[in-house]
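Remarks on the structure that follows.
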Amino acid sequence: MIPVRAAGAAAQRAAGRVTSRLPPRPTLALVPPTPARAPRAPFVVLVVGLLASGLVVLLLLNTVLAQDAFVLDRLHRRVKLLGDREQALAEAVARAQAPDTLAARARALGLVPSDAPAFLDLPSGRVLGEPRPAPTPPPPPPPAAAPTRPHERPDPAQARAPARDATRATPPRGPAGATR
């Protein structure tokens, strides 16, 4: 056990030499306290301003989107109306191009059907078939006699009155000619 004490004494002497070589520690003194926080008022104003401006931007964006929705709805309705009109016009063209309609219009113009039609071949310039003249149509009926004196002319208001009553009796028609 003695060697341990000797080792302990040697350690104490070495420790004494090490402490003597270190500079002396400064003594601690109290320092007056400094404010550690920044002022809160500017931060609060900044946060409230950001929130208010964000709310205003969202309100304006919502208003613009609502206006665009109204415009979009109006445009959709117009597209539907134009589609209905296009369909009605296409049906009118199809009716006008029907063979029976074309034949009736040709008869009204004084044309008659030919028994032996002839065709022209445009690239070669040849006539295909043998053209023969169509039979002469019967003469049209004479026009209705018009009144000779101006004071005998019928009153236009009275002439239109029966037509108005007749149109009121018919059901109204939609854009495609269908009854409602």
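Since every read-out is calculated from the coordinates, none of them should be taken as a lab result. All of these numbers come straight from a predicted model, not from anything done at the bench. With ideal geometry, Cβ positions are generated from the backbone for all residues, glycine too; neighbour counts draw on all protein chains shown.
Miscellaneous remarks
- Taking other residues whose beta carbon is less than 14 angstrom from the beta carbon of Ala134, and scoring Lys, Arg as +1 and Asp, Glu as -1, yields 0.
- Proximal charge balance of Gln97 [Cβ under 12 Å; K/R count +1, D/E count -1]: 0
- In this calculation the C-beta distance from Leu30 to Leu50 is compared with R0 = 35 Å, giving a FRET efficiency of 0.25.
- Spin-label model, Thr136/Arg85: points 7 Å from Cα along the beta carbon direction are separated by 5.0 nm.
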